[in-house]
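What follows is a set of notes on a single structure, which appears directly below.
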Amino acid sequence: MAVSAAEGIDIRPLNLAAMVREASITALVVFALAIGLVGFETLDVPGGVAIRTRFADVAVVMALAFVGRIALILLREHRPRPVLIVAPILTAIMLVLLLSETIFGSESGAALKRFMPFHDPVVLWGVVAVTVILAVRAAYAQTHVSSSLTLEERDARMDRIGAGVQRAARLLGPLLLGAAIVLPFMPFADRRVLDIGVLVLMYVMLGWGLNIVVGLAGLLDLGYVAFYAVGAYSFALLATQFDVSFWVALPFAGLMAGTAGVLLGFPVLRLRGDYLAIVTLGFGEMIRVILLNWYSFTGGPDGVSGIPRPSFFGLAEFSRSVPDGTAFHEMFGLEYASIHRIIFLFYLILAMALVVNVFTMRIRKLPIGRAWEALREDETACRSLGINPRNTKLTAFGIGAMFAGFAGSFFATRQGFISPESFTFIESAVILAIVVLGGFGSQIGVVIAAVVLIGLPEFFRDLQQYRMLAFGMAMVLIMLWRPAGLLAHREPTLRLFGRDKKPETNS
Amino acid sequence: MSAADSFAAPVAEVPGGGQTLLTVEHLTMRFGGLVAIDDVSFLGADGRITAIIGPNGAGKTTLFNCLTGFYKPTVGRLTLHHPEGEFLLERLEGYRTAQKASVARTFQNIRLFPRMTVLENLIVAQHNKLMRASGFTAAGLFGLKVYRDAEAKAVDLARYWLDHTKLTEKADVEAGNLPYGDQRRLEIARAMCTEPVLLCLDEPAAGLNPRESHDLNDLLRYIRNEHKIGILLIEHDMSVVMEISDHIIVLDYGRKISDGTPKAVRNDPAVIRAYLGQEEHEELPPEIMAGADNAGRSPDDA
């Protein structure tokens, strides 16, 4: 291959008609997708919903798809030169338009802005990113004539990248923890950033909890949100009906959720894989439907409101003035600020998530943790070794559910209001997606996946309807590049020789 | 041996010598209309290797599944004369056979925990012991000394079996990445880590080359002589069976057709008939039997 690079590649004569046809088909597919998603927008107007059409946007999207496809065909046919010329020009034009206000001042800038294809800056930056990628690829193809990677080469490269990420992961853990601890004191950490941080940490905690069930014990649970709901409702009802404080109710909510986990675990003991997934999905929905319909107990669709906020470990309250008690800002002699509560919530969920993490790391190295993993690998072999599969599975279900219950109580106390709407199947799916994308059983992978799947969509709320599109795109990309999850790597729970001694058979 | 003899079971003499460890009486296993095992009775001795042979489909693996709690026999009594008392194996369900009666087994198609390391496989085998030591997780969670000592002891036992199966070098390799022969030996090591009184091996020599088979013979002899436990062995490889077993039971179509010392079984006309077909081969010298395992796999015994 490397001997005669130039001749090794067959540069066929360009078939212009075929090229246009292929690009037209792409544009047609884009049209079919975009006409519904982009072409019509529903607007809330007084007295109902109005529909606004955006056919111009559809046309622009189609044109971009057409041009982009032609660029890809040219790259594929080893003719990068036109792309190398056009893509940077497009990039430059877009950049000028985007930065026009800063370059030319607001007046002429605003005039130039009218030439921009879309209104949303995030989408525009996305277009810029695509043109830049095309330009870089074209430049690469121009300089490396022979570079058409075979499938194996590409796989090997992805493996190397994966191994590098794994090495970095050992350092990444403490680094991320440090970043989380100092986050509330950063100058940019306003209420919004902290709220997103709390949300991400909640999903990290849920992900770590589900990781015990799915990642370690290998029980595919699609109804995990049910235990989250049980925890939330346990706390909410205890707090509103019996005036129990957060710190007293927290263990109780965990216990309730854990019990629910064991109870739901019993009937599904014999099921594996897909069947287990379907039944747990059903159980998840059942819990939600019960919450929705048992009006006298749960308040049905009205939910439970007026859930008390957590106090500072029962010592002080987070409010401006406390009639009978101490206020947090008075206790520490600070100026009152509403963000104190958010910071406290942030550290609270951080601590709770870390407890789950430490617990999981420890229990992996205990007999029960190893039995979970063994059960995931081969249940029949487990039975032949005298491991009780029933108890082993139920502990995994119960412990996983207990952590979901803790997270649920936190959710209830943070929101102050809960209703069955918060516990739909999509929540289970998102938590499972975090575990799967992070890499089964990988603790740091769950963190990264939670940041990607929860944090980024929150930051890109400006994208509005494109947000879920980006979510889907992220999932597809991860599945393409790292089908076993971002950090699918299993560290042995104990070694006979140290980590450095490499046995002769490489794994 | 007639059915009447086996009623007086523990007193009866085991063909290969040794103390009776296992008494199987009138074992029958039906799957719907199919009779996989038909009224089989035999004795297994402590500190001896008892081989169960027979053509494919003779019911050997079904017999193992009944003994190790994977199947519940339709009829019959399986008594294990454990040093701590007698266990009726047909009443123990599933994992309890291994947990209470200390019966360990390996599988015809290897069943390791492929993504766990070799050492972890051996530690998982000591689950029940470690579970008690970890105070059912509570003591272990806080890293108490009781548990750490128990774990160190478990690693020592694992190390002992790693040394004797020549797997020490590969202790930290994922079990799924081992070569086939090593996986076979690891499965035996894992079964031995449960500290059994009866070890059931389902075709341990399948797929091994002659040198590996030879090593396996040495390993099984070592287990028999040093650990004095009973070994039940299903095997097609006659070089293994004839060399190491003290007692052979031959099954055909779910029935026991022969039972005795290797010498007696080798010369039993019923066995030769089952393995080599009807009359025309009856005059063949017994040496043929040693290489008869291939004939045993011929399609007509399906």
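Consider B:THR62 carefully, then state whether it is open to solvent by less than 40 Å² (accessible area, probe 1.4 Å) and within 13 Å of the chain's Cα centre (by Cα). Considered against the rule, which asks whether it is open to solvent by less than 40 Å² (accessible area, probe 1.4 Å) and within 13 Å of the chain's Cα centre (by Cα), B:THR62 comes out as yes.
Each row is one residue, and each column tells you yes or no for (1) within 17 Å of the chain's Cα centre (by Cα); (2) crowded, with 19+ Cβ neighbours inside 10 Å; (3) not assigned by TED's automatic domain parsing to the domain that holds B:GLY230.
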{"site": "B:MET29", "(1), (2), (3)": "no, yes, no"}
{"site": "B:ASP38", "(1), (2), (3)": "no, no, no"}
{"site": "B:PHE42", "(1), (2), (3)": "yes, yes, no"}
{"site": "B:ALA51", "(1), (2), (3)": "yes, yes, no"}
{"site": "B:GLY54", "(1), (2), (3)": "yes, yes, no"}
{"site": "B:CYS66", "(1), (2), (3)": "yes, yes, no"}
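Within the range A:443-459, restricting attention to residues that are among the β-branched types (Val, Ile, Thr) and open to solvent by less than 30 Å² (accessible area, probe 1.4 Å), the residue that is nearest to A:MET475 (Cα to Cα) is A:ILE454. Residue check: B:VAL240 meets all listed conditions (1) modelled with pLDDT of 85 or more; (2) over 22 Å from B:LEU162 (Cβ atoms); (3) part of a helix (DSSP H, G or I) but one, namely (1).
Of the strands (runs of 3 or more DSSP E) lying entirely inside the range B:35-105, those carrying at least 2 residues that are away from chain A (no Cβ under 14 Å) are B:49-53, B:75-82, B:85-88. Give the residue that is modelled with the lowest pLDDT, with candidates limited to residues of the range A:239-281 that are loosely packed, with under 13 Cβ neighbours inside 10 Å and within 26 Å of A:LEU220 (Cα to Cα). Here the residue is A:GLY273. Only one of A:LEU432, A:LEU385, A:LEU437, A:LEU453 is of a type outside the set (Asp, Glu) and within 13 Å of chain B (Cβ to nearest Cβ). Can you tell me which? Answer to the check: A:LEU385. Checking B:ILE257, B:ILE249, B:ILE272, B:ILE234 one by one, the residue that is surrounded by 16 or more Cβ atoms within 10 Å (Cβ to Cβ) and closer than 23 Å to B:CYS193 by Cβ is B:ILE234 and no other. Of all the criteria given as (1) open to solvent by less than 10 Å² (accessible area, probe 1.4 Å); (2) out of contact with any Ser or Thr (no Cβ under 8 Å at 6 or more places or on another chain); (3) of a type in the set (Gly, Ala, Ser), the one not satisfied by B:GLY176 is (1).
Is there a residue being within 14 Å of B:ARG111 (Cα to Cα), polar (S, T, N, Q) and within 10 Å of chain A (Cβ to nearest Cβ) anywhere in the range B:177-188? Yes, the range B:177-188 contains at least one residue that is within 14 Å of B:ARG111 (Cα to Cα), polar (S, T, N, Q) and within 10 Å of chain A (Cβ to nearest Cβ). Entry remark, the range B:72-107: residues being closer than 22 Å to B:SER41 by Cα and free of Cβ contacts under 8 Å to residues at least 12 places away in the same chain number 4 in total. Within the range B:124-168, if we keep just the residues that are of a type in the set (Val, Ile, Thr) and farther than 11 Å from B:ALA189 by Cα, the residue that is surrounded by the fewest Cβ atoms within 10 Å (Cβ to Cβ) turns out to be B:VAL146. Scanning the range B:186-216 for residues that are farther than 26 Å from B:THR23 by Cβ and either in contact (Cβ under 8 Å) with a residue 40 or more places away in the chain or crowded, with 16+ Cβ neighbours inside 10 Å (or both) yields B:LEU186, B:GLU187, B:ALA189, B:ARG190, B:CYS193, B:ALA205, B:ALA206, B:LEU208, B:GLU212, B:SER213, B:ASP215, B:LEU216. All of A:ILE426, A:ILE434 fail the test of being within 30 Å of A:PHE40 (Cα to Cα) and either open to solvent by less than 40 Å² (accessible area, probe 1.4 Å) or modelled with pLDDT of 75 or more (or both), apart from A:ILE426. Residues in the range B:149-176 that are basic (Lys, Arg) and within 11 Å of chain A (Cβ to nearest Cβ): B:ARG159, B:LYS170. Screening A:VAL230, A:VAL304, A:VAL248 for residues that are aliphatic (A, V, I, L, M), in contact with a strand residue (DSSP E or B) (Cβ under 6 Å, 6 or more places away or on another chain), in the same structural domain as A:ALA407 (by TED's automatic domain parsing) and under 19 Å from A:SER409 (Cα atoms) leaves exactly one candidate, A:VAL304.
If you take the residues in the range A:184-219 that are farther than 20 Å from A:LEU354 by Cα and charged (D, E, K, R), which one is least open to solvent (accessible area, probe 1.4 Å)? Per the stated criteria, the residue is A:ASP190. Might you let me know whether the range A:350-372 holds any residue that is crowded, with 23+ Cβ neighbours inside 10 Å, more than 9 Å from chain B (Cβ to nearest Cβ) and closer than 15 Å to A:LEU206 by Cα? Scanning the range A:350-372, I find at least one residue that is crowded, with 23+ Cβ neighbours inside 10 Å, more than 9 Å from chain B (Cβ to nearest Cβ) and closer than 15 Å to A:LEU206 by Cα, so the answer is yes.
If I filter the range A:257-271 for residues that are at negative phi and in contact with a Lys or Arg (Cβ under 7 Å, 6 or more places away or on another chain), do I get at least one hit?
Yes: one or more hits.
The values are calculated or read from the model by the stated rules, or taken from the named source; none is laboratory data. Treat the numbers as computed from the prediction; the structure is a model and nothing was measured. Note that each Cβ is placed from the backbone with ideal geometry, even for glycine, and that neighbours are counted across all protein chains shown. Note: accessible area is taken over every heavy atom of the protein model, side chains too, but ligands, DNA and RNA are not part of it. Shrake-Rupley method; radii C 1.70, N 1.55, O 1.52, S 1.80 Å.
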